[in-house]
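Undergrad: Please read through the structure below; I'll follow up with questions.
The values are calculated or read from the model by the stated rules, or taken from the named source; none is laboratory data. What you are looking at is a predicted structure, and each value in this text was computed from that prediction instead of being measured. A quick note on method: Cβ atoms are made from the backbone with ideal geometry, for glycine too, and the neighbour counts reach across all protein chains shown.
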Amino acid sequence: MNKDRTLVQIALYAAVIAALGLLPKFNIPVAGGVPLTAQTLGLMLAGIMLGPVRGFLSVALFILVVALGAPLLAGGRGGLGVFAGPTVGFIVGFPFAALVTGLMMQQLQRVNLFAAALISSIVGGILVLYAFGIPGMVVMTSLDFAGAAKAILVFIPGDLIKALIAALIAQSVLRAMPGIIPSRQAIV
Amino acid sequence: MISLYLAHSSWLHRLPAGFKLCLLAAASMIILPVTQLEWMVVFTLAAALLYVTLGNRGWQNLEMVRPLLPFLAVIMLFHLWAGSFYEGGVSVLRLVTMFLLANLVTLTTRMSDMMEALQPVFRPLQWIGISPRALALAVALMVRFAPVLVLVMNSLDEAWRARGGRKKKWRLIAPLIIQAIRLSDHVAEALTARGGSSGISVRPIETRR
């Protein structure tokens, strides 16, 4: 894979994540009425579609551009302000979520794509992301760990649905473009 | 370009970006350890006052706190539940203050100036093979292609609705990604044809291939 291609892929995938956040009201039906954004879906897919390293870089690029002042986070948020908010841990965790999702995909090469993508998304996009997000909340809000965890618990069902959707999307993308997913290049 | 930057002129706009970032860091150091409610109220009001000094369009931006409000409400609720009302007040006000100050830097600094000010931070990336030029190109590409992909998404959405599709918009993400992959192949080819990521000039001074 040549360097230009890698660079452009990283940049354009970061733009995909941005586009997912810019969509007005990207509704994913879920119980409880917790608003969901497609952005964490974007992280899971970054790890699945680009692999760990490029996935990490792509999401890191996205975060950098947000920090520079582009209002690309869901709901039109952006700038340095988001790094002073209660959700800063999640934002810092974004690239690592993509990284671990990609690593898991490599580990699960022998498992069928749907299951592999689902498990990878849950581990990377939920476990790892919350492992960053909850301590971040503890620091920023002076809630104790259990309190912060409880406050964020409402998002878990939605995130599980997103992991499921990420797996479905990975499946249909691979069907349309065989060989496009890094950990699945051998399978036709 | 999509940006939160407030095209306007004020005393804060005229300060160099690097200096504002240092001030912001210093302000965080001062504000984070404070645990008295009275002081926090003073800090919050002072931060709000800074917006007022930007003029009419400045203080209107105070409403950017709004998306933060549900989070703050939940945090307060959990503090009430834990019986730490005072602490809750302090931490909510601290969040508001920090948000206002950080956002103030974003509002008054161009993205290009921010990028320039961050160059020293990016320099170590060269050791792992990411040159500042490649990074600048990646940022430029992303900023340019985000609106393009939103357009792609909108046309996918129109086609989907024309076929009678309703709510399930997540179904559009797979075709969006496929189009983005195709697009990135074309863009990569175009880039290579123009000398590649190390040859194309972001600054015309360097002529090395």
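Undergrad: Applying the selection to the stretch B:13-35, what residues are in contact (Cβ under 8 Å) with a residue 24 or more places away in the chain, out of contact with any helix residue (DSSP H, G or I) (no Cβ under 7 Å at 6 or more places or on another chain) and within 17 Å of residue B:119 (Cβ to Cβ)?
TA: B:16 - this is the single residue of the stretch B:13-35 that is in contact (Cβ under 8 Å) with a residue 24 or more places away in the chain, out of contact with any helix residue (DSSP H, G or I) (no Cβ under 7 Å at 6 or more places or on another chain) and within 17 Å of residue B:119 (Cβ to Cβ).
Undergrad: From the residues in the stretch A:158-188 that are within 18 Å of residue A:128 (Cβ to Cβ) and of a type outside the set (A, V, I, L, M, F, W, C), which one is farthest from the chain's Cα centre (by Cα)?
TA: Per the stated criteria, the residue is A:183.
Undergrad: Return the only residue of B:42, B:96 being more than 9 Å from every other protein chain (Cβ to nearest Cβ), of a type in the set (A, V, I, L, M, F, W, C) and buried (at least 19 other Cβ atoms within 10 Å of the Cβ).
TA: Working: B:42 fails: buried (at least 19 other Cβ atoms within 10 Å of the Cβ).
Of the residues listed, the single one that is more than 9 Å from every other protein chain (Cβ to nearest Cβ), of a type in the set (A, V, I, L, M, F, W, C) and buried (at least 19 other Cβ atoms within 10 Å of the Cβ) is B:96.
Undergrad: If residue A:154 satisfies all but one of (1) surrounded by fewer than 21 Cβ atoms within 10 Å (Cβ to Cβ); (2) free of Cβ contacts under 8 Å to residues at least 40 places away in the same chain; (3) β-branched (Val, Ile, Thr), what's the number of the condition it fails?
TA: Every condition holds for residue A:154 apart from (2).
Undergrad: Please enumerate the residues belonging to the stretch A:64-75 that are facing chain B (nearest Cβ under 8 Å) and either in a loop (DSSP other than H, G, I, E, B) or in contact (Cβ under 8 Å) with a residue 60 or more places away in the chain (or both).
TA: A:69, A:70, A:71, A:72, A:75
Undergrad: Cβ-Cβ under 6 Å, sequence separation 6+ or interchain: first residue in the stretch B:106-134 and farther than 14 Å from residue A:67 by Cα and modelled with pLDDT of 85 or more, partner polar (S, T, N, Q) and surrounded by 15 or more Cβ atoms within 10 Å (Cβ to Cβ). Which pairs?
TA: What qualifies is B:134/B:197.
Undergrad: For the stretch B:33-51, does any single residue satisfy the condition of being among the hydrophobic types (A, V, I, L, M, F, W, C), part of a helix (DSSP H, G or I) and modelled with pLDDT under 90? Let's see the steps before the verdict.
TA: If we filter the stretch B:33-51 for residues that are among the hydrophobic types (A, V, I, L, M, F, W, C), which is where we start, we get B:34, B:37, B:39-43, B:45-50.
Now drop any that are not part of a helix (DSSP H, G or I), which leaves B:37, B:39-43, B:45-50.
Restricting the remaining residues to those that are modelled with pLDDT under 90 gives none.
Among the residues of the stretch B:33-51, not one is among the hydrophobic types (A, V, I, L, M, F, W, C), part of a helix (DSSP H, G or I) and modelled with pLDDT under 90, which makes the answer no.
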